[in-house]
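Please read the structure below before turning to the comments.
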Amino acid sequence: MSEGASSRTPVAHVAHVALIASLAPLLHRWLPRQRWYAGKGRPVTGFSLVSATELLPADGPGAGLLHLLLRVRQQEPREQEFRQHETRQHERTSSGAGRRRQSPDDCYQLFLGVRQTLPPHLAPALIGHLASGPLAGRTVYEGLHDPRLAELLLERLRAPGALGPLRFDRFDGTPAVPGGLAPRPLDAEQSNTSLVYGDAYILKLFRRVHPGPNPDLELPLALARAGCGRAPAPVAWYEAHTPEPYTLGVLQPFLRGSQDAWVLALKALAEGEPFTAEARALGRVTAEVHQALAGELPTVTLHRPQTEQLAAAMRRRLDAAAEAVPALTPYVPRLRTAFEAVAELGRRGRVWCAQRVHGDLHLGQILRGAREAAPGPALTGAPDGGPGTRQRPAGDGHWSVIDFEGEPARPLTERRRPQPAVRDVAGMLRSFDYAARTHRPWNPDWAERCRDAYCEGYAEVSGADPRLEMELLRAYETDKAVYEAVYEARHRPDWLPVPMAAIDRLAAALTP
């Protein structure tokens, strides 16, 4: 089943056609039930196999493991058609012109375990029994639920090299990964799948994949090269190189015992405690990451054409959101002025620096790991454990930024595009508001103090307070709140008042 030299291609192609034909009835039932499947609610119209690789022989007497890259064809919803139109418009009018356009079909990474019979403890992983094709008479199941097969993935990552279309690689700056680490699945993720090995490493497996480098590998590697310790450095990863390049999985240190800033913020609210020291530390961490990324990866300058395109894209998203969420309609004229203010500054000659950013930064994307205080008297120092600090102030601890993938629903070319750093800042400011709104009674002053402290911390490192970029920051915060309104209306209607309150606040400060 593994793809090899070109002389085997016709045979492999025939086998692939037969394999996908036999799997199709099972996948039609199984795939839409998976949490990471992005096409729920849209009928599947067909499958095509991008590649099939045997990580462990599937026709032997024991368990086999088959790695698939599977393209899924579905009917397109109206909002997906709009997003594709918007992407095509941008590609025709920007420096992205001429790049390969992504296929409208989604490509998924699957791990199929293959056995003659399935032991009882793997019964929940069952996909089905094959009646025809090259694996006729065998049982297929979700291979990542099988500890033996999950261990095999780690072994592949410990030994860099190629296997058919797959290539396993390691980062030179990290120590060797030990063998024999027991795997367990992490239940927290939905758009991807993660395996934790021996509470020492975590392997993030991208389920819906796109051609090109994934930012969740690209950006942490850049931070590691820059010597920035604010993200777990990739230890190993694997990719597909034919027929198109795909980033498929990244192995990183597992931050055992860490808590994300969202949980810490909710705890502070429940206990009636301030969160300003932590918010200031988070601002410093964000600025450190931005500085490192700007120093390691290319930056660009946004002149008038790029600024007008940025504002126009925000206006289009607002108009589309108002169609989906009628409650937004009365606010549209005033919200549009937030985007027009940015375009007007561009017309007057204002320029902005754009760089690689996180792209989906919020409180849940930053972890704090406990770090023992050094013995001795308390000393004043940096709120994030800088030089001279022996006993941590309230905001201290080792903060780590995770999940650099960006918003998975957006095209990869968009997620990899340099953007003003205030986009990440706006995401964090909205996250403080979300946290405050979960508490009863609502405490707007808590959120405002956190927002101020975060921006102050950011300025301590960057030398520039993001609040001085008032028009651009307001436009990004408005754009984020509009996105949140659409998301909540579709998925969590009870939460819709949270972004709508922000919409009301932002609109009140604007004149149509």
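The values are calculated or read from the model by the stated rules, or taken from the named source; none is laboratory data. None of these values were measured; they are calculated from a predicted model. Here the Cβ is made from the backbone with ideal geometry for all residues, glycine too, and neighbour counts use every protein chain on show. Side chains included, ligands, DNA and RNA excluded: accessible areas come from the protein's heavy atoms. Shrake-Rupley method; radii C 1.70, N 1.55, O 1.52, S 1.80 Å.
When residues in region 136-195 are screened for being under 24 Å from the mean Cα position of the chain (by Cα) and part of a strand (DSSP E or B), 14 of them pass. Would you point out which residue out of E484, E477, E469, E460 is touching a Lys or Arg at 6+ places or on another chain (Cβ under 9 Å) and closer than 24 Å to E344 by Cβ? Exactly one of E484, E477, E469, E460 is touching a Lys or Arg at 6+ places or on another chain (Cβ under 9 Å) and closer than 24 Å to E344 by Cβ, namely E477. Selection over region 196-208 of residues that are part of a strand (DSSP E or B) and among the small types (G, A, S) gives a count of 0.
Residues in region 265-293 that are of a type in the set (A, V, I, L, M) and under 21 Å from the mean Cα position of the chain (by Cα): L282, V285, A287, V289, A292, L293. Restricting attention to region 157-180, the residues being crowded, with 19+ Cβ neighbours inside 10 Å and of a type in the set (D, E, K, R) number 0. Taken over region 130-154, the criterion of being under 21 Å from S51 (Cα atoms) and open to solvent by 50 Å² or more (accessible area, probe 1.4 Å) is satisfied by S132, P134, A136.
Output the qualifying pairs, or none if there are none: Cβ atoms under 9 angstrom, residues six or more apart or on different chains, first residue in region 52-64 and more than 13 Å from R148 (Cβ to Cβ) and β-branched (V, I, T), second residue open to solvent by 40 Å² or more (accessible area, probe 1.4 Å) and part of a loop (DSSP other than H, G, I, E, B). Filtered contacts from region 52-64: T53/M1; T53/E3; T53/G164. Taking each residue of region 305-330 that is more than 19 Å from P497 (Cα to Cα) and looking for partners that are crowded, with 18+ Cβ neighbours inside 10 Å and of a type in the set (K, R) with beta-carbon atoms closer than 8 Å, six or more apart or interchain, yields R315/R336.
Scan region 488-502 and give yes if some residue there is in contact with a Pro (Cβ under 6 Å, 6 or more places away or on another chain) and in contact (Cβ under 8 Å) with a residue 24 or more places away in the chain, otherwise no. So far as region 488-502 goes, no, none of its residues is in contact with a Pro (Cβ under 6 Å, 6 or more places away or on another chain) and in contact (Cβ under 8 Å) with a residue 24 or more places away in the chain.
Among the residues of region 461-475, the ones that are out of contact with any Leu (no Cβ under 9 Å at 6 or more places or on another chain) and either assigned to a helix (DSSP H, G or I) or buried (at least 17 other Cβ atoms within 10 Å of the Cβ) (or both) come to 5 in all.
Does G359 satisfy the condition of being surrounded by 20 or more Cβ atoms within 10 Å (Cβ to Cβ) and modelled with pLDDT of 55 or more? Yes: the conditions hold for G359. Condition check: farther than 20 Å from A409 by Cα and either open to solvent by less than 10 Å² (accessible area, probe 1.4 Å) or in contact with a helix residue (DSSP H, G or I) (Cβ under 9 Å, 6 or more places away or on another chain) (or both). Does A268 satisfy that? Considered against the rule, which asks whether it is farther than 20 Å from A409 by Cα and either open to solvent by less than 10 Å² (accessible area, probe 1.4 Å) or in contact with a helix residue (DSSP H, G or I) (Cβ under 9 Å, 6 or more places away or on another chain) (or both), A268 comes out as yes. Is there any pair with a first residue in region 218-237 that is farther than 18 Å from G369 by Cβ and in contact (Cβ under 8 Å) with a residue 24 or more places away in the chain and a second that is surrounded by 21 or more Cβ atoms within 10 Å (Cβ to Cβ) and among the aromatic types (F, W, Y) whose Cβ atoms are under 6 Å apart and which are 6 or more apart or on different chains, and what are they? What qualifies is L219/F404.
Considered as a group, the residues in region 39-51 that are assigned to a loop (DSSP other than H, G, I, E, B) and touching a residue at least 12 places away in the same chain (Cβ under 8 Å) include one that is least open to solvent (accessible area, probe 1.4 Å), and that residue is G39.
Here's the yes/no breakdown for (1) open to solvent by 30 Å² or more (accessible area, probe 1.4 Å); (2) basic (K, R); (3) at pLDDT 95 or above:
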{"position": "P383", "(1), (2), (3)": "no, no, no"}
{"position": "R390", "(1), (2), (3)": "yes, yes, no"}
{"position": "T413", "(1), (2), (3)": "yes, no, no"}
{"position": "V422", "(1), (2), (3)": "no, no, yes"}
{"position": "G427", "(1), (2), (3)": "no, no, yes"}
{"position": "H439", "(1), (2), (3)": "yes, no, no"}
{"position": "C455", "(1), (2), (3)": "no, no, yes"}
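So is A224 within 19 Å of G359 (Cα to Cα), small (G, A, S) and open to solvent by less than 40 Å² (accessible area, probe 1.4 Å) or not? Here the answer is yes, as A224 does meet what is asked.
With P220, P211 as the choices, which residue is under 15 Å from V401 (Cα atoms) and in contact with a Phe, Trp or Tyr (Cβ under 8 Å, 6 or more places away or on another chain)? Walk me through it before giving the result.
Details: P211 fails: under 15 Å from V401 (Cα atoms).
After ruling out the rest, the residue left standing is P220.
Condition (residue is surrounded by 18 or more Cβ atoms within 10 Å (Cβ to Cβ) and either of a type in the set (S, T, N, Q) or closer than 30 Å to R156 by Cβ (or both)) applied to region 307-327: is it met by at least one residue? Yes: one or more hits.
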